[in-house]
Amino acid sequence: MHCCIVDDRSFDQFKEDYGKTIVCGYARVDGWAVGIVANQRLIVKNKKGEMQLGGVIYNDSADKAARFIMNCNQKRIPLVFLQDVTGFMVGSRSEHSGIIKDGAKLVNAVANSVVPKITIIVGNSYGAGNYAMCGKAYDPRFIYAWPTAKIAVMGGEQAAKTMLQIQVATLKIKGKVITPADEKNCCVN
């Protein structure tokens with residue numbers, strides 16, 4: 001069975017070849033105009049040929065989504081957010097590409113949006129990605145979640161790695177020698 005959210009042949013994608021980890025577009029739902037902002041879960045290549053992981057917000061996708069949200073506000077078009085987001089890309093390479101500036105622009109666009117907003121969580125909704133994709137903090141009219149949706153500050157795997165890093169750093173400060181086997185087995189006391 002095939003299921004669609006928008007009316008047949010009504011989706012008009014915004015900047016299709018730019019910022020591919022977020023899909024934005026104008027559509028109609030039961031005849032009503034809406035703006036769609038959705039995370040793309042495919043692995044894509046940007047214009048530089050670099051691989052980008054689906055569900056991660058990169059600087060180009062943050063910039064595109066922010067511009068689209070501002071356009072919808074100017075045109076008074078309600079927004080529908082489809083979340084399957086693990087968060088923003090991190091690291092020095094992303095910082096040099098402008099993720100902090102573009103991410104702030106996206107969060108600011110969502111925070112200052114005055115049109116009605118509906119959020120549908122279809123997969124993951126982690127960390128700052130939840131805010132950027134109109135999480136509860138930005139007061140959407142409705143928030144729906146698929147039964148398999150996961151919402152958290154960070155995913156379980158990321159939380160476990162963070163806790164391990166804290167434990168290892170604490171033990172190293174105390175002068176204990178931590179072997180890679182200790183880290184792998186999480187058997188450090």
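For this structure, a couple of remarks:
- Our helix-only sum for the chain, with -39,500 (n - 2.57) per DSSP H run of n ≥ 4 divided by its residues, gives a mean residue ellipticity at 222 nm of -10500 deg cm²/dmol.
- Hypothetical label at I100: residues of segment 123-153 whose amide nitrogen lies under 16 Å (7 Å Cα-Cβ projection): none
- For the chain, the relative contact order works out to 15 percent when only alpha carbon pairs closer than 8 Å and six or more residues apart are counted.
- Tilt relative to the chain, helix 156-173 - C-alpha long axis, 0 to 90 degrees, to 10: 30
- Computing FRET efficiency as 1/(1 + (r/R0)^6) for V122 and V168, where r is the C-beta to C-beta distance and R0 is 45 Å, gives about 0.80.
- Only Cα sites of the chain enter the Debye sum here, all with the same form factor; the resulting log10 I(q)/I(0) across q = 0.16, 0.19 1/Å is -0.97, -1.27, listed in q order.
- Stretch in the chain that is longest and holds no trypsin sites (Lys or Arg not before Pro) that DSSP places in a loop and that have at most 12 other beta carbons within 10 Å: 77-140
- The C-alpha atoms of the chain define a longest principal axis, and helix 59-75 lies at about 30 degrees to it.
Only the coordinates and a few stated rules stand behind these numbers; no lab work does. Because the structure is a prediction, the values reported are computed rather than measured. Reconstructed Cβ throughout: ideal geometry from the backbone, glycine too, with neighbour counts over all protein chains shown.
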